[in-house]
Amino acid sequence: MSTPDRWDAAPCGLLVLDPDGTVAAANDQLTTWTGLAGDAVGRTRFGDLLSVGGRIYWETHLAPRLQLEGRLDEVTVELRGPQGRVPVLLTAVTDPGGPVRIALHGAAERMRFERELRSARQAAQQWADRVAVLQTVTAGLSRVSTADGVAQVLLAAATGPLGATSAAVWTATADGLRLHSVRGDHPTLPTPDVVGTGEGAVSAADGTVQVPLPGAEDLRGVLTLAHLAAPTPELDLPVLTAVAQQAGIALDRARLHEQSAGVARVLQRSMLTAPVQPDHLELATRYLPAAEDAVVGGDWYDAFLCQDGTTWLVVGDVAGHDIGAAAVMGQIRNLLRGIAYTQQQSPARVLTAVDQAMAGLGVPSLATVVALRVEQTPDDRAAGVRRVRWSNAGHPAPVHIPRHGTPASLTTPPELLLGAFPDVERTDHELDLHPGDTMLLYTDGLTERRHSDLDTGTRWLLDTLGRHSAERLEDLCDHLLRTVADHLDDDVALLALRAHTEDAPRPAEAGPVRLPEDHPAT
Amino acid sequence: MSARGPATGVPMVFAHGFGCDQGMWRHVAPAFETTHRVVTFDHVGAGGSDAAAYDRQKYATLQGYADDVVEIIEALGVPPVVFVGHSVSAMIGVLASVARPDLFRHLVLVAPNPRFLDDEGYRGGFTDAEVDELLETMEGNYLGWSATIAPVIMGAPDRPELGEELTSSFCRADPAIARDFAQVTFRSDNRADLPRVTVPALVVQCSSDALAPLEVGTYVHEHLSGSELVVLAATGHCPNLSAPAELVAAVHDHLDRA
């Protein structure tokens, strides 16, 4: 077979280009594919044989690479010809300044196969993206227990992987849908059309998308999305519907949780009554719930007058953060009140009696508590002083703030928690209380912070009290809570006492005396 | 980005077009290194650039790329530059010089096309469907590239002058970014920006260029006041590779006369 025969009989398209890209020679297969007439050889550029897309690609990508690297392998392009387009695989070699030699293999079957592979890959990628979004949302929803939390997870997903520039969460109330929260720059997301919020995500004519959030029994809310970011593909409605189902269930759960937390709050608050204001003693109380609203602590404060006229201050904390803890707190508070009122014993003895009552009555919990009694003998009275006597069952030490002096934490050897055993030896401690002195009882939420230890918290407390001890008692309490309010991990209960001199009328700033009407001391 | 040549020389910034990277200038830029401070760089997403710096919103228009050019020149802290832009980078240079004429001494626009799509009374050379076709062709090839790019690079044993570092990055682009870049390159219309240019310009046109027909080069020249048009004997869209000597001579000639 002669050389021209070999060239023309080759089962692939063969071409030689001049260095400037003009076709110098083409074999039979190539002219069959492209319809290139013999007299067009020498006038036609290689790019002219390609589809327009292929031509741009040749000029911008392939020819430069060939020039620089001397070789191209297995590049996909399409020839234009009388029978339509012919997909080919292109291989080319050249030397600097020399001709370009090109071989083209028909690749129609291969292209079909690759197109199928590509669409399969795109479909797989789409599913992977969907699963990733669902996973993120599900993980986020499992960590939140409030409607706020659910809304934040939804908004983050909507304006993140779901591709909306703005999104809003509406929650169902007795009066219809209420806007709960918005994220993004869209000023007015339209109110969802409740009638249409039945079955899955719906695209509205204005380009917004409404996604009903179905609970087990009724609609819990609606997620609206708007202004999809320009290059993002269209919203994936099936994924939105799946996200919405998860969110609806999470909203159901949040509602139950909030209802139970609400009951616990009411129960807890019913125990936190206004303190007595006996004679020349001024009392201030505060209760600050932790940031996560659905969590109810078992913290409490209490201040009451005993039958014998002594004033009692109690601050305690029951283990647990649920309605059970709130109920147990109520029981312990009332036991302690009752026993103190009738027994007229020292705080240590009263706490031991509470230990015994808790064991005997089967109150199934542990609590930390400080019980403090303000006493005054006739001699004390003549000397113008009072005495505080207290017992501490595993609770943060009270703080004594002398009128002129440095605040001190009244640290004592640790004793067991209340309710641990029925026969615990408990100890009384005492301290003289002079006019102008202040006592502070508190629960550990005030001084315990994530990322810092208790010592740091206590140092902060003593330092703050030292700098603000001259303030009115109410102001001092406000100051403490303002400082901690932003980073509260736990509830805080505060009870502060200031002793005013008995040689003068109760100061106006201390407010009026307040005692139970039928108390023997009144 | 790389800079060579005397620090005191008039700076020349070379910007590559759609499809490749700064390697496009390897036969052109060195010709100016004895007299000029020569700077070449890769657009984001191309060559050795950091693809993490890509911001879809910013690069949705050529202005995003032009802002990068301004930033590069400002960062150099040099006197006004000669900007040499190939293909789409010619228009990127136009936009950058309109924003900050103080940074530019000359524009050299190699194979510019201010609008690739045909329009009423204007022939850019392409239709919308043809641009879609390009995207399809690119997509079809990325499938192959992922597996074969390495052998392709190693298959140039007879070109030892191509350092391995250069070949391993040459013409490599992030497929998603390259797709966006193709869209913005072929679907932009920057004809209205031409009359706003106040910097002297040289328009370099090839005699037969499928991407920038002669009439487009003439259009650019006519809408850039005080510009000079040079038509090279070279054919194709990349005279920087196919006819570097002719391109270098044209640029030298223009700069000498300016």
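Of everything in segment A:35-44, what is under 22 Å from residue B:212 (Cα atoms) and either in contact with a helix residue (DSSP H, G or I) (Cβ under 8 Å, 6 or more places away or on another chain) or modelled with pLDDT under 90 (or both)? Give them in sequence order.
Our first condition is that a residue be under 22 Å from residue B:212 (Cα atoms); within segment A:35-44, this holds for A:42-44.
Selection gives A:42, A:43.
Could you count how many residues in segment B:234-245 are more than 8 Å from every other protein chain (Cβ to nearest Cβ) and buried (at least 17 other Cβ atoms within 10 Å of the Cβ)? Let's see the steps before the verdict.
So the first thing to find is which residues in segment B:234-245 are more than 8 Å from every other protein chain (Cβ to nearest Cβ), and the list is B:239-240, B:243-245.
Adding the requirement that they be buried (at least 17 other Cβ atoms within 10 Å of the Cβ) leaves B:239-240, B:243-244.
Residues in segment B:234-245 being more than 8 Å from every other protein chain (Cβ to nearest Cβ) and buried (at least 17 other Cβ atoms within 10 Å of the Cβ): 4 in total.
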Matching option when the condition is aliphatic (A, V, I, L, M), away from chain A (no Cβ under 12 Å), at negative phi and open to solvent by less than 40 Å² (accessible area, probe 1.4 Å), among B:103, B:135: B:103
Residue check for residue B:70: assigned to a loop (DSSP other than H, G, I, E, B), open to solvent by 10 Å² or more (accessible area, probe 1.4 Å) and either of a type outside the set (Gly, Ala, Ser) or touching a Phe, Trp or Tyr at 6+ places or on another chain (Cβ under 6 Å) (or both): no
Selection status of residue A:320, over 19 Å from residue A:514 (Cβ atoms), touching a Pro at 6+ places or on another chain (Cβ under 8 Å) and either of a type outside the set (A, V, I, L, M, F, W, C) or free of Cβ contacts under 8 Å to residues at least 24 places away in the same chain (or both): no
Residue within segment A:286-303 that is part of a strand (DSSP E or B), among the hydrophobic types (A, V, I, L, M, F, W, C) and surrounded by fewer than 23 Cβ atoms within 10 Å (Cβ to Cβ) present: yes
Residue satisfying all of: in segment A:24-54; part of a strand (DSSP E or B) and within 14 Å of chain B (Cβ to nearest Cβ); least open to solvent (accessible area, probe 1.4 Å) among these: A:50
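For segment B:84-107, give me the residue count where each residue is in contact with a His (Cβ under 7 Å, 6 or more places away or on another chain) and assigned to a strand (DSSP E or B).
Going through segment B:84-107, the residues in contact with a His (Cβ under 7 Å, 6 or more places away or on another chain) turn out to be B:86-87, B:89.
Narrowing the set further to residues that are assigned to a strand (DSSP E or B) leaves B:86.
Result for segment B:84-107: 1.
Answer yes or no as to whether residue A:498 is surrounded by 14 or more Cβ atoms within 10 Å (Cβ to Cβ), of a type in the set (D, E, K, R) and in a loop (DSSP other than H, G, I, E, B).
Working: surrounded by 14 or more Cβ atoms within 10 Å (Cβ to Cβ): yes; of a type in the set (D, E, K, R): yes; in a loop (DSSP other than H, G, I, E, B): no.
No.
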Test: residue in segment B:109-117 that is touching a strand residue (DSSP E or B) at 6+ places or on another chain (Cβ under 7 Å), within 14 Å of chain A (Cβ to nearest Cβ) and open to solvent by 10 Å² or more (accessible area, probe 1.4 Å): yes
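For a quick check of your reading: which strands (runs of 3 or more DSSP E) sit entirely within segment A:83-186 and have at least 2 residues that are on the phi < 0 side of the Ramachandran plot and open to solvent by 70 Å² or more (accessible area, probe 1.4 Å)?
Details: elements: A:84-94, A:100-106, A:164-173, A:176-184.
Output list reads A:100-106, A:176-184.
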Subset of segment B:18-39 that is within 14 Å of chain A (Cβ to nearest Cβ), over 11 Å from residue B:84 (Cβ atoms) and not in a helix (DSSP H, G or I) - its residue that is most open to solvent (accessible area, probe 1.4 Å): B:27
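Assess whether residue A:368 counts as being among the hydroxyl-bearing types (Ser, Thr, Tyr) and in contact with a Pro (Cβ under 6 Å, 6 or more places away or on another chain).
Details: among the hydroxyl-bearing types (Ser, Thr, Tyr): yes; in contact with a Pro (Cβ under 6 Å, 6 or more places away or on another chain): no.
Answer is no for this residue.
For residues that are within 28 Å of residue B:141 (Cα to Cα) and either facing another protein chain (nearest Cβ under 10 Å) or open to solvent by less than 10 Å² (accessible area, probe 1.4 Å) (or both), tally how many sit in segment B:185-233. Walk me through how you get there before you give the answer.
Keep residues of segment B:185-233 that are within 28 Å of residue B:141 (Cα to Cα), which gives B:185-189, B:206, B:208-213.
After this cut, where a residue has to be either facing another protein chain (nearest Cβ under 10 Å) or open to solvent by less than 10 Å² (accessible area, probe 1.4 Å) (or both) as well, the list is B:185-186, B:206, B:208-212.
Within segment B:185-233, residues that are within 28 Å of residue B:141 (Cα to Cα) and either facing another protein chain (nearest Cβ under 10 Å) or open to solvent by less than 10 Å² (accessible area, probe 1.4 Å) (or both) number 8.
Which ones in segment A:353-385 are in a helix (DSSP H, G or I) and open to solvent by 30 Å² or more (accessible area, probe 1.4 Å)? Write out each step before concluding.
First pass over segment A:353-385, keeping only residues in a helix (DSSP H, G or I): A:353-361, A:378-383.
A:356, A:359, A:360, A:361, A:378, A:379, A:381, A:382, A:383 - these are the residues of segment A:353-385 that are in a helix (DSSP H, G or I) and open to solvent by 30 Å² or more (accessible area, probe 1.4 Å).
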Filtered residues of segment A:1-23 (kept if open to solvent by 50 Å² or more (accessible area, probe 1.4 Å), among the hydrophobic types (A, V, I, L, M, F, W, C) and under 14 Å from residue A:101 (Cα atoms)): A:7
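Let's see how each residue does on (1) surrounded by fewer than 18 Cβ atoms within 10 Å (Cβ to Cβ); (2) within 14 Å of residue A:316 (Cβ to Cβ); (3) at pLDDT 95 or above:
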position	(1), (2), (3)
A:392	no, yes, yes
A:395	no, yes, yes
A:398	no, yes, yes
A:414	yes, no, no
A:440	no, no, yes
A:443	no, yes, no
A:449	yes, no, no
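Of all the residues that make up segment B:84-100, how many are on the phi < 0 side of the Ramachandran plot and within 10 Å of the chain's Cα centre (by Cα)?
Within segment B:84-100, the subset on the phi < 0 side of the Ramachandran plot is B:84-86, B:88-100.
Now drop any that are not within 10 Å of the chain's Cα centre (by Cα), which leaves B:84-86, B:88-93.
So the answer is 9.
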Which numbered condition residue A:74 fails, given (1) facing chain B (nearest Cβ under 8 Å); (2) within 27 Å of residue B:243 (Cβ to Cβ): (2)
Failed item in (1) at the interface with another protein chain (Cβ under 10 Å from one of its Cβ atoms); (2) at pLDDT below 75, with residue B:146 passing the rest: (1)
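The values are calculated or read from the model by the stated rules, or taken from the named source; none is laboratory data. Fair warning: this is a prediction, and the values are worked out from it, not measured in the lab. Backbone-built Cβ (ideal geometry, glycine too); neighbour counts: all protein chains shown. Heads up: the accessible areas ignore ligands, DNA and RNA and are worked out on the full protein's heavy atoms, side chains in. Shrake-Rupley method; radii C 1.70, N 1.55, O 1.52, S 1.80 Å.
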